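Some notes on the structure that comes next.
The values are calculated or read from the model by the stated rules, or taken from the named source; none is laboratory data. Just so it is clear, the model here is predicted, and its values are computed rather than measured. Here the Cβ positions follow ideal geometry from the backbone for every residue, glycine too, while neighbour counts run over all protein chains shown. For accessibility, only protein heavy atoms count, side chains too; no ligands or nucleic acids. Shrake-Rupley method; radii C 1.70, N 1.55, O 1.52, S 1.80 Å.
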Amino acid sequence: PGARHELRQTELIRYALNGQVLLIEGIGRDLVNGAPGDTTFNAVATIDWLPDRGYLMRSYTLTGQYGEFPVVVGDNSYSWTMEVPGGKVLYKMQVTPEGMFDERGWFVTAQGREVPTFGMSLRRVTKP
């Protein structure tokens, strides 16, 4: 467990290829006196449907990490996991009744204990 790290996060989300692929780009900037500063997080992901595998996310980070992760889709929500040493990381995203995008992350130990690691609430902003 480390100290809380607050960012100004922007998620650019759109459909591509006639709605066949969802594109997501997340950009996080440190807050300096309340204003966005240096980029400390940047990732791009696609989510699409494969008949033999279901929904699949492919993600890539600015630091060179990448992976493919099955996505479980629910009503106004989705989740995905990735295996890591000692357990797995679980992420869940849900659209709230107010229209907010609420994403949470946990490290899940091999014994099943969930340790919160990440939280993000986003509101939709349309560019002019």
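Taking the stated definitions as given, is residue 25 in a strand (DSSP E or B), surrounded by 15 or more Cβ atoms within 10 Å (Cβ to Cβ), under 12 Å from the mean Cα position of the chain (by Cα) and of a type in the set (Asp, Glu)?
In short, no.
Looking only at residues that are assigned to a strand (DSSP E or B) and closer than 28 Å to residue 114 by Cβ in the stretch 1-22, which one is modelled with the highest pLDDT?
Only one residue fits best here, namely 22.
Pairs, please: C-beta under 6 Å, at least 6 apart or cross-chain, first residue on the phi < 0 side of the Ramachandran plot and in the stretch 1-22, second surrounded by 10 or more Cβ atoms within 10 Å (Cβ to Cβ) and among the β-branched types (Val, Ile, Thr)?
10/27; 13/24; 21/46; 22/47
Can you go through 63, 46, 39 and tell me which one is not in a strand (DSSP E or B) and not charged (D, E, K, R)?
After applying the criteria, what remains is 63.
Could you look through the stretch 28-56, keep only residues that are under 14 Å from the mean Cα position of the chain (by Cα) and modelled with pLDDT under 90, and pick out the one that is least open to solvent (accessible area, probe 1.4 Å)?
Once the filter is applied, the top-ranked residue is 28.
Considering only residues of the stretch 57-76 that are over 12 Å from the mean Cα position of the chain (by Cα) and open to solvent by 100 Å² or more (accessible area, probe 1.4 Å), which is modelled with the highest pLDDT?
Step by step, filter the stretch 57-76, then rank; the result is 66.
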